[in-house]
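Student: If you scroll down you'll find the structure; I have some questions about it.
The values are calculated or read from the model by the stated rules, or taken from the named source; none is laboratory data. These numbers come from a predicted model, not from an experiment. Every residue, glycine among them, receives a Cβ derived from its backbone with ideal geometry; neighbour counts consider all protein chains shown.
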Amino acid sequence: QQQVKQSPQSLIVQKGGISIINCAYENTAFDYFPWYQQFPGKGPALLIAIRPDVSEKKEGRFTISFNKSAKQFSLHIMDSQPGDSATYFCAASAYSGAGSYQLTFGKGTKLSVIP
Amino acid sequence: DSGVTQTPKHLITATGQRVTLRCSPRSGDLSVYWYQQSLDQGLQFLIQYYNGEERAKGNILERFSAQQFPDLHSELNLSSLELGDSALYFCASSVISENTEAFFGQGTRLTVV
């Protein structure tokens, strides 16, 4: 069973602080690691993604760090803002090239950024 | 707006009943995915269709079935409903590539009473 383990389940961060969410995977065939952000009443939306040939990817205040040997990756949100309060999901996928694609999600982290 | 449309937004039905959830993918996306989201299980992959054909199957119960039609819209059929089937059901669509971004609809909230 493909699994992606995500921690913590919930996170409270002061405005301006750094939010860190961690994920670990088992299947070495995974080759694409996106993070999704979900606001209440909405569907998940892609935030940032990384492939295992790089160790870090930064987009604005959001950074993914990737450790291939440890099979771990994490999301860092710098200067966290109340508007970042949402549930964050890490995910992993393996592209089979036959039109088959399965995205496996972690269980999510509910982030609350307090003023 | 992701461009993926799901109907209905809310559905309340009784145990033992059958319901159909509908999904219209983004224009140009050939692949459709169905996910179930519950509080304790997170986002569970159910099934994927690509250009009308089933391509990948996840934790989908035998009571559940799906199909993708020639116009690429998809339907998820849930039958013999149980209380535990109450959840948010999301449809997503994408093109298929090495860097596939799946675009999610706003979901259908199913409540089984």
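Student: Find the strands (runs of 3 or more DSSP E) located wholly in region B:42-111 whose residues include 2 or more that are among the hydrophobic types (A, V, I, L, M, F, W, C), and list them.
Tutor: Working: elements: B:42-50, B:53-57, B:64-68, B:74-78, B:87-94.
The strands (runs of 3 or more DSSP E) meeting that bar are B:42-50, B:64-68, B:74-78, B:87-94.
Here is a yes/no grid of residues against (1) touching a helix residue (DSSP H, G or I) at 6+ places or on another chain (Cβ under 7 Å); (2) more than 9 Å from chain A (Cβ to nearest Cβ); (3) more than 22 Å from B:D40 (Cα to Cα):
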| site | (1), (2), (3) |
| --- | --- |
| B:H73 | no, yes, yes |
| B:L78 | yes, yes, no |
| B:G84 | no, yes, no |
| B:Y89 | no, yes, no |
| B:V95 | no, yes, yes |
| B:Q106 | no, no, no |
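Student: While we're looking at this one, here's another question. Would you mind stating whether B:Q17 is within 13 Å of chain A (Cβ to nearest Cβ) and on the phi < 0 side of the Ramachandran plot?
Tutor: Answer is no for this residue.
Student: Next question, about the same structure. Restricting to region A:94-114, and then to whatever is surrounded by 14 or more Cβ atoms within 10 Å (Cβ to Cβ) and aliphatic (A, V, I, L, M), can you tell me which residue is modelled with the lowest pLDDT?
Tutor: Out of the qualifying residues, it is A:A94.
Student: How many residues are within 30 Å of B:K9 (Cβ to Cβ), surrounded by 12 or more Cβ atoms within 10 Å (Cβ to Cβ) and facing chain B (nearest Cβ under 8 Å) when one looks only at region A:37-60?
Tutor: Our first condition is that a residue be within 30 Å of B:K9 (Cβ to Cβ); within region A:37-60, this holds for A:37-49.
After this cut, where a residue has to be surrounded by 12 or more Cβ atoms within 10 Å (Cβ to Cβ) as well, the list is A:37-39, A:42-49.
Within this subset, residues satisfying the condition of being facing chain B (nearest Cβ under 8 Å) are A:42-46, A:49.
Result for region A:37-60: 6.
Student: Sticking with this one: What number of residues in region A:1-36 are within 13 Å of A:K71 (Cα to Cα), surrounded by fewer than 16 Cβ atoms within 10 Å (Cβ to Cβ) and small (G, A, S)?
Tutor: Qualifying residue count, region A:1-36: 1.
Student: Next up: Can you name the residue in region B:12-25 that is of a type outside the set (A, V, I, L, M, F, W, C) and in a strand (DSSP E or B) and, of all such residues, is nearest to B:T111 (Cα to Cα)?
Tutor: Ranking the candidates gives B:T13 first.
Student: Still on this structure, please answer the following. Step by step: first the residues of region B:33-69, then only those that are of a type in the set (A, V, I, L, M, F, W, C) and away from every other protein chain (no Cβ under 11 Å), then the one that is surrounded by the fewest Cβ atoms within 10 Å (Cβ to Cβ). Which residue is that?
Tutor: So, considering only residues that are of a type in the set (A, V, I, L, M, F, W, C) and away from every other protein chain (no Cβ under 11 Å), the one surrounded by the fewest Cβ atoms within 10 Å (Cβ to Cβ) is B:F69.
Student: Could you tell me which of the residues B:S65, B:S74 is in contact with a Pro (Cβ under 9 Å, 6 or more places away or on another chain) and not aromatic (F, W, Y)?
Tutor: Numbers: B:S65 fails: in contact with a Pro (Cβ under 9 Å, 6 or more places away or on another chain).
Residue meeting the stated conditions: B:S74.
Student: Which of the following residues is within 19 Å of A:G106 (Cβ to Cβ) and among the acidic types (D, E): B:D40, B:D29?
Tutor: Working: B:D29 fails: within 19 Å of A:G106 (Cβ to Cβ).
The match here is B:D40.
Student: Can I ask one more? Any residue that is within 11 Å of chain B (Cβ to nearest Cβ) and either free of Cβ contacts under 8 Å to residues at least 24 places away in the same chain or surrounded by fewer than 16 Cβ atoms within 10 Å (Cβ to Cβ) (or both) - is there at least one of those in region A:70-93?
Tutor: No, region A:70-93 contains no residue that is within 11 Å of chain B (Cβ to nearest Cβ) and either free of Cβ contacts under 8 Å to residues at least 24 places away in the same chain or surrounded by fewer than 16 Cβ atoms within 10 Å (Cβ to Cβ) (or both).
This table checks each residue for (1) in a strand (DSSP E or B); (2) among the polar types (S, T, N, Q); (3) touching an Asp or Glu at 6+ places or on another chain (Cβ under 6 Å).
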| position | (1), (2), (3) |
| --- | --- |
| A:S65 | yes, yes, yes |
| A:H76 | yes, no, no |
| A:F89 | yes, no, no |
| A:Q102 | yes, yes, no |
| A:V113 | yes, no, yes |
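Student: Something else about it: Could you please let me know if B:A92 is of a type in the set (A, V, I, L, M, F, W, C), buried (at least 19 other Cβ atoms within 10 Å of the Cβ) and without any contact (Cβ under 8 Å) to a residue 60 or more places away in the chain?
Tutor: no
Student: Does B:G28 fit the bill of being surrounded by fewer than 16 Cβ atoms within 10 Å (Cβ to Cβ) and more than 22 Å from B:T111 (Cα to Cα)? Reasoning before the result, please.
Tutor: Values: surrounded by fewer than 16 Cβ atoms within 10 Å (Cβ to Cβ): yes; more than 22 Å from B:T111 (Cα to Cα): yes.
Yes: the conditions hold for B:G28.
Student: Identify all residues within region B:70-87 that are surrounded by 12 or more Cβ atoms within 10 Å (Cβ to Cβ), among the acidic types (D, E) and within 17 Å of B:T7 (Cα to Cα); write none if there are none.
Tutor: Within region B:70-87, just B:E75 meets the criteria.
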